[in-house]
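The values are calculated or read from the model by the stated rules, or taken from the named source; none is laboratory data. Since this is a predicted model, take the numbers as computed values, not measurements. A quick note on method: Cβ atoms are made from the backbone with ideal geometry, for glycine too, and the neighbour counts reach across all protein chains shown.
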Number of protein chains: 2
Amino acid sequence: MSTLWKQRYAQRTQRMTSSIIRELLKFTTQPDIISFAGGLPGPDLFPVEEVKEAAEAVLETKGRIALQYSTTEGYPPLREMIVRHMARYGIVVDIDNVLITSGSQQALDLIGKILVNPGDKLLMENPTYLGALQAFTMYGAEFATVPADDDGMVTSQLEDALRAGPKFIYALPNFQNPTGVTMPLERRQELIRISDHYGIPIIEDDPYGQLRYEGEHIKPLVVIDAECLECEHNGKYTGNVIYLSTFSKTLAPGLRMAWIVAPKDVINKFVQAKQGTDLQCSTFDQMVAYEVGRGGFIDRHVHRIREVYGHRRNVMLAALEKAFPDASLGVRWTRPQGGLFLWATTPDWLDTAELLKDAVKEKVAFVPGAPFFPGGGGHNTMRLNFSNARDEQIEEGIERLGRTVMRRVEAHKVQ
Amino acid sequence: MSTLWKQRYAQRTQRMTSSIIRELLKFTTQPDIISFAGGLPGPDLFPVEEVKEAAEAVLETKGRIALQYSTTEGYPPLREMIVRHMARYGIVVDIDNVLITSGSQQALDLIGKILVNPGDKLLMENPTYLGALQAFTMYGAEFATVPADDDGMVTSQLEDALRAGPKFIYALPNFQNPTGVTMPLERRQELIRISDHYGIPIIEDDPYGQLRYEGEHIKPLVVIDAECLECEHNGKYTGNVIYLSTFSKTLAPGLRMAWIVAPKDVINKFVQAKQGTDLQCSTFDQMVAYEVGRGGFIDRHVHRIREVYGHRRNVMLAALEKAFPDASLGVRWTRPQGGLFLWATTPDWLDTAELLKDAVKEKVAFVPGAPFFPGGGGHNTMRLNFSNARDEQIEEGIERLGRTVMRRVEAHKVQ
């Protein structure tokens, strides 16, 4: 009988490709594989005890509220806490600018829902976050791209790319997923200048902004936009940039707590869209997230995360040096200042999707880079996650990866 | 700057009307208004202590799993529990037929996403659930309708309605939202017969099925379809009916836990769509729901809910008799065998949207019926919720409603 449904699938299902990331996440559950494929935070850092105390306190004092329906916008004290939290980073908004979403993935879906008509062009970095491509594609988006280098989006090529007439620019300035690279201040300013000049608004996706392991904090686009010298906003939110962030990396992804910052009338549209999508996020999880965070715990906890992930990044960088000592081989990698990912490039002739098959036999996994490139290319790239493995696993896994690559290199020489 | 976004809204936002239900839910927060408008379960029945113990147990024993990402399909033990639970109601499926969703609203959204092309006709009861109309409308659905009476969908008019060439039939056979009416077995069999004959599949939405206060349980459509005499399924799921249910009414809506039953290949499409939508439901809430339910607590708890809601229904029915003693007035109401809602009809000339303005002044609220009618009509109808008020509130609220209606009637006589 299921053919009865199959012949009824909407056209947009043809755009749903079985996600490579999803297929690969299956490897992470095999205990003997060392996986750098996921984007998972290290569970050893989850504040289990704090969440337990918070859940108890919420159910003890406000149980009947926590288990009831609540407003689509989100739990007001949580939204207020987010407003205060962002103010410390220079993002000056009020509660009506904030909508709670079920992870940043839902923010991306709602953006697709209220902004994307079939055939609309969106301007993406090449490469960019796969989840955004998936979400926007479902609404019929097409992609124009601007190249990225070790400093992120190449803003000198932005005006060229704008000729495609994009509806908005989607950018991840901090420790980008997948490449781990960060846009310097000058490029951010240039991006805002061009965005303002041509009147093309920006979606700034910032899941990792707080996870910086070296160098100085760089202002987010939303702050640079608010501080522009020619305008009279005096640091107040202009509405030009829709800003996304999340507790998935600073608290726990299992609670699915993230938020969108947008102008009030755009928030109203998001709220209407979210109402038809899932009514609201879990009241309980929102109250637990607030209870954990309200005393400043998350800020303190972030220090610990930075320390551990920064160390793991160092371990991976050292392991890569050891596994690929010969620079003439042409294997290169980024040195991310923060975030969860490192990005490696192999020689041109080496297709990392093919390489993965060998790697899995060698019991190590990564994400091949090509699917992250809406503008094509990247067949010789891969994403390596360093947040969710112990030191010795990172060392062993990178050694296995080194062996796998070297075997291909030897075979290539013979040909 | 927000005009920059406004001029970029997708065309589908024009179909988003500010929800009347949502606007009305605002009344429920005013303490002096007695609201029959929401669809809220009674918070006095929430198993706060059981959820507290479950949350503690989950975080104590599996905290690092509960706070981590997990699979899009949902927490396997919860899906297995749902399979066992449904088997007791004659729905014989396996875990691969079950996807966990963030409330039934997300199930409706995912159905829209994978099945509805702009302009597709969907066959709905007139009236039907507003949330389904909202979800499907976002994907460009148009609606064909079949009338409903005090026994639900009038199946004798179904073949006529099928001439519109609908993609599927959406039905709520048990204690329908908004009318509270229930389809008798004969109509259900007739619906399945016609669906099979014409090859038009069915979405069966069953959030209230367990909340029956009088009369005998009637088999859901999905079971009748599996038991059809001519076919060889022997009670095994045919895939013809996609079945939706939820823990929102039997456990707690704040956890946003519901599920879809569908053929495996359709579940795969739902999973791909959900991945781009929000990745997964809260791992923590899924594990808490499983922990609360695994020892059979939900089944026991449902007995208590039935008792209390059944009583509240009786109180509302008695209050209506008292408030509208004169049958010649033309105010009628349904006697629901279960669920959360009762449906009242006023004289033809009385527009309940207008009446609501008076009612709010009188400090009582309900939902005017017209928005529930995709095929038009219903201007003299209203939905009354009886699950979320104490006896004396129900009595006082219905008395106020009676006064409000009578004032209109007097004014009408004068004209």
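Points worth noting:
- One residue alone among A:Arg300, A:Arg312 is touching a residue at least 12 places away in the same chain (Cβ under 8 Å) and among the basic types (Lys, Arg), and that residue is A:Arg312.
- Of all residues making up region B:201-222, the number that are in contact (Cβ under 8 Å) with a residue 40 or more places away in the chain and under 23 Å from B:Lys167 (Cβ atoms): 9
- From B:Glu307, B:Glu321, residue being under 24 Å from B:Glu49 (Cα atoms), of a type outside the set (Lys, Arg) and either at pLDDT 95 or above or under 20 Å from the mean Cα position of the chain (by Cα) (or both): B:Glu307
- As for region A:236-245, it holds no residue that is in contact with a Leu (Cβ under 6 Å, 6 or more places away or on another chain) and away from chain B (no Cβ under 13 Å).
- Search result, residues across region B:294-322 that are away from chain A (no Cβ under 14 Å) and either in contact with a Cys (Cβ under 8 Å, 6 or more places away or on another chain) or surrounded by 20 or more Cβ atoms within 10 Å (Cβ to Cβ) (or both): B:Tyr309, B:Arg312, B:Arg313, B:Met316, B:Ala319, B:Leu320
- Out of B:Ile65, B:Ile95, B:Ile100, sole residue that is buried (at least 20 other Cβ atoms within 10 Å of the Cβ) and of a type outside the set (Gly, Ala, Ser): B:Ile100
- Only one of the numbered conditions (1) small (Gly, Ala, Ser); (2) touching a residue at least 40 places away in the same chain (Cβ under 8 Å); (3) in contact with a His (Cβ under 8 Å, 6 or more places away or on another chain) is not met by A:Ala370, and that is (2).
- Count of region B:37-47 residues which are crowded, with 18+ Cβ neighbours inside 10 Å and either at pLDDT 95 or above or assigned to a helix (DSSP H, G or I) (or both): 4
- Residue count for region B:381-403 under the criterion of being touching a residue at least 40 places away in the same chain (Cβ under 8 Å), more than 23 Å from B:Gln337 (Cβ to Cβ) and either of a type in the set (Asp, Glu) or out of contact with any strand residue (DSSP E or B) (no Cβ under 7 Å at 6 or more places or on another chain) (or both): the result is 4.
- Residues located in region A:341-398, provided they are within 12 Å of A:Met316 (Cα to Cα), assigned to a strand (DSSP E or B) and among the aliphatic types (A, V, I, L, M): A:Leu342, A:Ala344, A:Leu384
- A:Pro207 meets all of the listed conditions (1) under 12 Å from the mean Cα position of the chain (by Cα); (2) within 14 Å of chain B (Cβ to nearest Cβ); (3) surrounded by fewer than 24 Cβ atoms within 10 Å (Cβ to Cβ) but one, namely (3).
- Breaking point among (1) in the same structural domain as B:Pro368 (by TED's automatic domain parsing); (2) surrounded by fewer than 23 Cβ atoms within 10 Å (Cβ to Cβ), for B:Ile34: (2)
- Subset of region B:168-203 [surrounded by fewer than 19 Cβ atoms within 10 Å (Cβ to Cβ) and assigned to a loop (DSSP other than H, G, I, E, B)]: B:Pro184, B:Gly199
- Filtering region A:37-71 to residues that are within 23 Å of the chain's Cα centre (by Cα) and at the interface with chain B (Cβ under 7 Å from one of its Cβ atoms) leaves A:Leu40, A:Pro43, A:Phe46.
- Note on region B:109-145: residues that are part of a helix (DSSP H, G or I), within 8 Å of chain A (Cβ to nearest Cβ) and of a type outside the set (Gly, Ala, Ser) amount to 6.
- Just so you know, in region B:256-269 the residues that are of a type outside the set (Lys, Arg) and within 12 Å of B:Ser104 (Cα to Cα) include one that is farthest from the other protein chains (Cβ to nearest Cβ), and it is B:Trp259.
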